[in-house]
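One structure below.
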Amino acid sequence: MNTSPRPSIARLSSPNASNASPDAAEAAVPMDLIFIEGFSGQTVIGIHDSELHHPQPLLIDVHAGVPRARACDTDRIGDTIDYGMVRERLVRLMAEHRLQLLEAFAEAIADILIDEFGASWVRVKVVKPRKFDDVQAVGVQIERHAPTHRASKLGHGATVLNFLASGMVPAKH
């Protein structure tokens, strides 16, 4: 039995650790990244008539940041973002979306990761490989942050429910 301490896991101080971050508070939060690189699939997307009738290939890279995932300590998948579930959600999005622009498609992926999987930060890259004979790939890459106060996105009712769930009930006047 190995009794040596567990090796430390490298964590980024910020998803943009190699870039100077304008927000010092954001840089102070350790961020664990869950990623999928090279996801490939076929979907109908585009603005030209030639793109709107037949599926074409897309390659997707996703990086989702969570503040120091509890899974590092608990070793439980429920304490982090399950990239298998993210993959399944990407497959479903490819089949169901009705978007035309890669920018809107990337935004939909970012929203899914933040809203459905609880990511604090995401980077999404969507590529059309060999779109043109003389170009290897075209595409977009976006980065998004979750709202600082997620409850504000849900409205006042969600805020009250959060208070109730935490045992803090708003006082009646």
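The values are calculated or read from the model by the stated rules, or taken from the named source; none is laboratory data. Just so we're clear, the structure is a prediction, and the values are computed from it rather than from any experiment. In this analysis, Cβ positions are derived from the backbone assuming ideal geometry, glycine residues included, and neighbour counts consider all displayed protein chains.
Descriptive notes on the structure:
- Residue in segment 22-39 that is assigned to a helix (DSSP H, G or I), of a type in the set (D, E, K, R), modelled with pLDDT under 95 and within 21 Å of Asp111 (Cβ to Cβ) present: yes
- For segment 69-91, the condition holds for at least one residue, the condition being that it is of a type in the set (Asp, Glu), surrounded by 12 or more Cβ atoms within 10 Å (Cβ to Cβ) and modelled with pLDDT under 95.
- Checked against the criterion of being surrounded by 15 or more Cβ atoms within 10 Å (Cβ to Cβ), in contact with a Pro (Cβ under 6 Å, 6 or more places away or on another chain) and either without any contact (Cβ under 8 Å) to a residue 24 or more places away in the chain or of a type in the set (Lys, Arg) (or both), segment 49-64 has no qualifying residue.
- Hits in segment 124-144 - residues which are buried (at least 16 other Cβ atoms within 10 Å of the Cβ) and either farther than 16 Å from Leu58 by Cα or among the small types (Gly, Ala, Ser) (or both): Gly139, Arg144
- For Met94, the test of being under 16 Å from the mean Cα position of the chain (by Cα), surrounded by fewer than 19 Cβ atoms within 10 Å (Cβ to Cβ) and either in contact (Cβ under 8 Å) with a residue 24 or more places away in the chain or not in a helix (DSSP H, G or I) (or both) is failed.
- Among residues of segment 97-111 being more than 14 Å from the chain's Cα centre (by Cα) and either assigned to a loop (DSSP other than H, G, I, E, B) or without any contact (Cβ under 8 Å) to a residue 24 or more places away in the chain (or both), the one that is surrounded by the fewest Cβ atoms within 10 Å (Cβ to Cβ) is Arg98.
- Residue satisfying all of: in segment 55-91; among the hydrophobic types (A, V, I, L, M, F, W, C), within 15 Å of Phe39 (Cβ to Cβ) and assigned to a helix (DSSP H, G or I); nearest to the chain's Cα centre (by Cα) among these: Val86
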